[in-house]
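Notes for the one structure printed next.
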Amino acid sequence: MQQYFIIFIIGLLITLFATPLSRLVAHRLGALDMPDQRKVHNGPMPRLGGLAVYLGFMVTALLFVEISGPVVGLLLGGTIILLLGVADDVWGISPKIKLLGQVFAALVVIAFGIQIQFLSNPFDGLIFLGALSVPITVFWVVGITNAVNLVDGLDGLASGISAIALFTFSYIAFINEQPVVSLLALLLAGCIIGFLRYNFYPARVFLGDSGSMFLGFNIACLAVFGLLKGVTLITVLIPLIVLAVPVCDTFFAIVRRKWRRQPIFAADKKHIHHRLLNRGLSHCQAVLVIYFISIFFSASALWFSSNMRLF
């Protein structure tokens, strides 16, 4: 348990001290999120906070976690996603290029063994995915990456939801004897807590696409790495329950935009956080309400995970 505490604290401290530096880099590179009709902030905001989270995670992982096999793929894929997000934050890239980069990063982690290859049927043996294994894994990783990215609309929202999910994953992985996954999830949660010092309302720096995609990518990969490997078919629901808020928000955004014949990646003000603001909640209240909903779903996932042992 001491190793868990050390990793959590070191990741937190590195990110805490690196975040002001990421703000300076954002100003130097012109990576500023300008206010507009859709956004809720009033002035230019640096948006390379993901660099600080990445630094805290990578440095601590390299120092304290055994780097082999799937962990190598996770770190390489995460680096690709981070660089893709930085390019978008600084220069802007098209949604198609961003999607292709996400697919490439997903293929990298698959090459290192983070892949949904089979599910064990609680009623009769195993369900092997065969040729469907790669596309299903890519769909999962890209989908969760974009779900976290799309929900990043209020100060501290994507960060807080991600931290709640990661704490939950860490505990479930721990009780299921997946120490590497548990350590990595707890480490990334610690980095987020350090970052929230500057990202919670009123924010002084945004995650940017670099940060929100990095968090979503790692959450998706850790779920495959630790929670879906050789467990019952029912366990597939656990990550979906934990990530219910961003997943549902993304699902309804896709349905809404398809219904209106708009591009899937088109921005609008119909996300859950926008609706709460329209109901009269303050910025901080809307974020806390969504935190509470995420905690509820995470608690449900913990209950679900403990009771699934019956199968």
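A short reminder: the numbers here are calculations on the coordinates, not readings from a lab. Note that the structure is a prediction, hence the values are computed from the model and not measured. We place every Cβ from the backbone using ideal geometry, glycine too, and count neighbours over all the protein chains shown.
For segment 66-75, take each phi angle, set θ = phi - 60°, evaluate the Karplus expression 6.51 cos²θ - 1.76 cosθ + 1.60, and give the result in whole Hz per residue in order, putting x for glycine and proline.
Working through the residues one at a time gives 5, 9, 7, x, x, 5, 4, x, 4, 5 Hz.
Applying 1/(1 + (r/R0)^6) with R0 = 30 Å to the Cβ-Cβ distance of Ala87 and Ser306, what FRET efficiency is obtained, to the nearest 0.05?
0.10
Could you order peptides 183-191, 53-61, 291-299 by the average number of other Cβ atoms within 10 Å of their residues, highest first? Each step should come with its number before you reach the end.
Details: 183-191: 27.6, 53-61: 23.7, 291-299: 17.3.
Top of the packing list down: 183-191, 53-61, 291-299.
Loop-only check: which trypsin sites (Lys or Arg not before Pro) in segment 17-109 are DSSP coil with at most 11 other Cβ within 10 angstrom?
In loop regions of segment 17-109 (DSSP not H, G, I, E or B), the sparsely surrounded trypsin sites (Lys or Arg not before Pro) are Arg38.
What whole-number distance in Å separates the alpha-carbon centres of segment 275-307 and segment 130-206?
15
Cα extents of the chain along the three principal axes, largest first, in whole Å?
The principal-axis extents, from largest down, are 57, 47, 35 Å.
Count the lysine pairs in the chain whose Cα atoms lie under 30 Å apart, taking only pairs 8 or more positions apart in sequence or on different chains.
14
Provide, in order from the shortest bin, the percent of all Cα-Cα pairs of segment 1-110 in each 5 Å bin, continuing until the bin that contains the maximum pair distance.
Reading the bins upward from 0: 2, 11, 16, 18, 19, 16, 10, 5, 2, 0.
Please compute the modelled spin-label separation between Leu24 and Ala111, points set 7 Å along Cα→Cβ, answer in nm with one decimal.
Spacing of the two 7 Å Cα→Cβ label points: 3.6 nm.
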